[in-house]
1. So how many residues does the range 180-193 have that are at pLDDT 75 or above and surrounded by fewer than 11 Cβ atoms within 10 Å (Cβ to Cβ)?
2. Residue 118 - would you say it is under 20 Å from the mean Cα position of the chain (by Cα) and in a helix (DSSP H, G or I)?
3. Tell me whether the range 96-105 contains one or more residues that are part of a helix (DSSP H, G or I) and either in contact (Cβ under 8 Å) with a residue 40 or more places away in the chain or buried (at least 17 other Cβ atoms within 10 Å of the Cβ) (or both).
4. Being under 29 Å from residue 158 (Cβ atoms), under 15 Å from the mean Cα position of the chain (by Cα), surrounded by 11 or more Cβ atoms within 10 Å (Cβ to Cβ) and without any contact (Cβ under 8 Å) to a residue 60 or more places away in the chain: is that true of residue 78 here?
5. How many residues are modelled with pLDDT of 85 or more and not in a helix (DSSP H, G or I) if we restrict to the range 1-38?
6. Do the conditions hold for residue 153, that is, is it surrounded by 12 or more Cβ atoms within 10 Å (Cβ to Cβ) and over 20 Å from the mean Cα position of the chain (by Cα)?
7. Scan 158, 177, 144 and give me the residue that is at pLDDT below 90 and closer than 17 Å to residue 42 by Cβ.
8. Within the range 60-75, restricting attention to residues that are modelled with pLDDT under 70 and loosely packed, with under 13 Cβ neighbours inside 10 Å, which residue is farthest from the chain's Cα centre (by Cα)?
């Protein structure tokens with residue numbers, strides 16, 4: 001389809017979607033217009049094949065992508081990666097990508113820190129493993145943020161790490177839950193006022 005046609009179709013489909021959604025959920029758009037109270041902070045890749053609200057079966061306003069925990073008091077923070085990621089594939093190679101290189105640096109650093117593991121796997125599995133390592137690293141960074149630690153203590157904020165399989169459409173939990181002892185130690189070490 002021609003890009004201009006795709007754009008025009010998108011505008012037309014939006015009108016159809018909005019009308020259908022308004023019929024199905026008459027209070028949704030008026031409620032959304034008054035403000036937002038999302039329950040989930042989603043930190044993920046901006047890949048068009050991974051539309052979070054679609055594959056989670058959520059409605060607009062249920063999920064907020066990368067916004068402050070502190071002011072909206074979300075109940076869940078999700079760090080999600082996905083298979084077949086172009087950024088991961090680029091980081092697995094050694095090609096100079098110019099302006100993209102600074103964004104690939106964290107992935108390349110993970111590749112550098114895990115050579116035996118990644119080299120022991122077939123290339124597609126190594127790329128998936130690097131995506132998984134990146135999600136775990138991202139969640140570890142989130143776990144050190146004072147605002148997140150305060151939210152864990154104050155209202156029980158929950159943290160999750162997921163991988164979305166682009167080929168199957170299935171989300172999988174990485175299951176890296178910390179023990180109570182580790183959580184208490186982190187709350188003590190990284191808490192600031």
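The values are calculated or read from the model by the stated rules, or taken from the named source; none is laboratory data. These numbers were taken from a predicted model, which means no experiment stands behind them. Using ideal geometry, Cβ is built from the backbone for each residue, glycine included, and neighbour counts are taken over all protein chains shown.
1. 3
2. Details: under 20 Å from the mean Cα position of the chain (by Cα): no; in a helix (DSSP H, G or I): yes.
Spelling it out, it is not the case that residue 118 is under 20 Å from the mean Cα position of the chain (by Cα) and in a helix (DSSP H, G or I).
3. As a first pass, look at the range 96-105 and keep what is part of a helix (DSSP H, G or I): 98-105.
Filter again for either in contact (Cβ under 8 Å) with a residue 40 or more places away in the chain or buried (at least 17 other Cβ atoms within 10 Å of the Cβ) (or both), leaving 104.
Yes, that holds for at least one residue.
4. Numbers: under 29 Å from residue 158 (Cβ atoms): yes; under 15 Å from the mean Cα position of the chain (by Cα): yes; surrounded by 11 or more Cβ atoms within 10 Å (Cβ to Cβ): yes; without any contact (Cβ under 8 Å) to a residue 60 or more places away in the chain: no.
Answer is no for this residue.
5. Matching residues across the range 1-38 total 3.
6. Details: surrounded by 12 or more Cβ atoms within 10 Å (Cβ to Cβ): yes; over 20 Å from the mean Cα position of the chain (by Cα): yes.
Yes: the conditions hold for residue 153.
7. 158
8. 68
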